Amino acid sequence: MTNIVFLDQETIGKVDNMKLLSKLGNLEVFETTQADQVVERCMGKEIVVVNKVQMTEAIMKQLPELKLICVAATGINNVDLNYTGNNGIEVKNVAGYSTDSVAQLTFTMLLYLVNKPYYYDTYVKSGAYSRSASFTHHNQPFWELKGKRMGIIGLGTIGRQVARIAESFGMEVIFYSTTGRNNHISYKRFELDDLLKSSDVVSIHAPLNSQTRNLITYEKMKLMRPCAILLNLGRGGIINEKDLARALNENIIGAAGIDVMEQEPIDAGNPMLKLFDKEKILITPHMAWASKESRELLLEKIARNIEVYLKNR
């Protein structure tokens, strides 16, 4: 049977359908793999499944039996594609598995920052409400999404799903194309500065590349409305994190929701962790993609990629 190894299963957590891979060959699974363990663990394996482990030229040169790398993600920047292309090694990624999961967390973040449920929950559980003379309490005002404008940076599959949900709340949707080439029949395309100036919510769903790295700086945030909410569920590095912390501390923008960071796990000294008002930012550990359903679909698509390879080899 074909020898298969999954080097970093911890990145996708425990899923119920791992047996889909074990049915396709002799499967060996490691929770994590350090750089100096990759060669040893991949030796004699025809198929390697990885998420974040680096597959470099130096490593692959030592693996003569390697024929297929399955990346348990959409991005494949952890694989030396020049080497694989020149040496007959196939590389397969997975797309479209996390759309609903990311869109759901986008609005979880937005509604948390707008409606401030943590404040109101704490108010009740602290006993303050039971001591109040009033049936209600509204010391932390919030606003409705209806009638507000959402500017989406990156109108791909996830961005379009976010747009559809925004419309269901009665929001107006506009977008910025990071390539400058994309259009959409239902939504108006704006230049970046105009989008930032006119949006109540800016939601990022773009990949990190030379066109998007450091796209949102302090100077760009100064264009935004003082009440605006900035969300990043695309990739870390698109927003300059030091500039974001400064903008929040100076009340340049209203709040931010961040699921992706330039360094992951986040550095303990990251300025986003040291805001004057910590309630102005919601940070999650790159988990928007990781619903149970999303991770199971990811495994299904990896298994399909392997099946296609085995059928055609």
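The figures follow:
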item: Cross-link pairs beyond the 29 Å C-alpha cut-off, checked among Lys19/Lys311; Lys125/Lys278; Lys92/Lys274; result: Lys92/Lys274
item: Environment charge at Gly254 (Cβ cut-off 10 Å; Lys +1, Arg +1, Asp -1, Glu -1); result: +1
item: Fluctuation leader among Gly254, Gly88, Gly75 - the chain, Gaussian network, Cα springs under 10 angstrom; result: Gly88
item: Mean shadow area of segment 101-235, taken as a quarter of the surface of its Cα convex hull (nm²); result: 9.6 nm²
item: All lysines inside 19 Å of Lys148 as judged from Cα atoms, apart from same-chain residues fewer than 8 positions distant; result: Lys116, Lys188, Lys197
item: Of all accessible heavy-atom area on the chain, the percent that carbon and sulfur account for (1.4 Å); result: 49 percent
item: Rough spin-label spacing in nm, given labels placed 7 Å along Cα→Cβ, for Asn86 and Gln34; result: 3.1 nm
item: Segment 170-313 - accessible surface per residue (Å², probe 1.4 Å); result: 49 Å²
item: Segment 61-150: relative contact order as a whole-number percent, Cα under 8 Å and 6+ apart; result: 22 percent
item: Over segment 132-265, relative contact order from alpha-carbon pairs under 8 Å, at least 6 apart, %; result: 21 percent
item: Sequence-separation-based contact order of the chain, relative, with Cα cut under 8 Å and 6+ spacing, percent; result: 16 percent
item: Space enclosed by the convex hull of the alpha-carbon atoms of segment 226-291, per residue, Å³; result: 82 Å³
item: Within a Gaussian network of the chain (alpha carbon springs, distance under 10 Å), most fluctuating of Ala268, Ala95, Ala128; result: Ala128
item: Potential extension, Gln62-Tyr119 segment - 0.36 nm per residue separation minus Cα distance; result: 14.9 nm
item: Stokes-Einstein translational diffusion, segment 1-154 - Kirkwood Rh over all Cα pairs, 1.002 mPa s, 20 °C, in µm²/s; result: 110 µm²/s
item: Cut-off 12 Å between beta-carbons: net charge of the residues surrounding Asn270, Lys and Arg +1, Asp and Glu -1; result: -2
item: Assigned charges on the beta-carbon of Lys, Arg, Asp, Glu; segment 10-143 dipole about Cα centre (debye); result: 540 debye
item: Neighbourhood net charge (12 Å Cβ-Cβ; Lys/Arg +1, Asp/Glu -1) for Asp8; result: 0
item: Matching label, Cα extents along the principal axes in Å computed from the structure shown, candidates (1) 72, 48, 37; (2) 62, 43, 33; (3) 89, 41, 29; result: (1)
item: Cβ charges +1 (Lys, Arg) and -1 (Asp, Glu), total dipole of the chain, debye; result: 680 debye
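The values are calculated or read from the model by the stated rules, or taken from the named source; none is laboratory data. What you see is a predicted model, and the numbers here were worked out from it, not measured in a lab. As a convention, Cβ positions derive from the backbone with ideal geometry for all residues, glycine included, and neighbour counts pool all protein chains shown. For the accessible areas, the whole protein counts, side chains as well, though only heavy atoms, and no ligand, DNA or RNA atoms are used. Shrake-Rupley method; radii C 1.70, N 1.55, O 1.52, S 1.80 Å.
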